[in-house]
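Trainee: Below you'll find the structure I mean.
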Amino acid sequence: MRILFVCVGNTCRSQMAEGFARSQGLDAYSAGTSTYSKEVASLAIEVMHELGIDITNQSPTHLDEFENEFFDLVISMGCGVVCPSHKKIDMDWGLEDPYGQSLEKYRETRDDIQRRLIELIGSQ
């Protein structure tokens, strides 16, 4: 299964989702509609390391870079993301952006992403 996780900045939620999906053997990518940083949020990296998943080599990517790519599933992390280069968002997880919040908020978001991804894999 080829999955694209989309959010606005592509520094937190979608990066964590990509890391989880790849750790489960899925062909996963992430992108943002307004990438403004060149690095994944350090707290996102930290909370993923707590679970043994290394996302230090990932970097924010603008959605336009996937304009001509096919994905079996496109998942929005939330915040009303619209993907003009993709006909539709298959599902919206509606996750609050942890950017600029506490380490505990990053952990809560990480755990929510992990739960949703396990449910998604189980339903396939």
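Trainee: For the range 1-20, which residues satisfy the criterion of being over 16 Å from Arg107 (Cβ atoms), surrounded by 24 or more Cβ atoms within 10 Å (Cβ to Cβ) and of a type in the set (A, V, I, L, M)?
Mentor: The answer is Leu4, Val6.
Trainee: Would you please name the residue that is surrounded by the most Cβ atoms within 10 Å (Cβ to Cβ), looking only at residues in the range 30-69 that are more than 15 Å from Ile113 (Cβ to Cβ) and touching a Lys or Arg at 6+ places or on another chain (Cβ under 9 Å)?
Mentor: Pro60
Trainee: Now, a different point. Could you figure out which of (1) out of contact with any His (no Cβ under 7 Å at 6 or more places or on another chain); (2) in a loop (DSSP other than H, G, I, E, B); (3) surrounded by 12 or more Cβ atoms within 10 Å (Cβ to Cβ) isn't true of Gly100?
Mentor: Against the list (1) out of contact with any His (no Cβ under 7 Å at 6 or more places or on another chain); (2) in a loop (DSSP other than H, G, I, E, B); (3) surrounded by 12 or more Cβ atoms within 10 Å (Cβ to Cβ), Gly100 comes up short only on (3).
Trainee: Condition first: closer than 17 Å to Leu103 by Cα and either touching a residue at least 60 places away in the same chain (Cβ under 8 Å) or in contact with a helix residue (DSSP H, G or I) (Cβ under 9 Å, 6 or more places away or on another chain) (or both). Now tell me which residues in the range 18-53 satisfy that.
Mentor: Passing the criteria: Val40, Ala41, Leu43, Ala44, Ile45, Glu46, Val47, Met48, Glu50, Leu51, Gly52, Ile53.
Since every read-out is calculated from the coordinates, none of them should be taken as a lab result. Keep in mind that this is a model prediction, so the values were computed, not measured. Note that we place each Cβ from the backbone using ideal geometry, even for glycine, and neighbour counts take in every protein chain shown.
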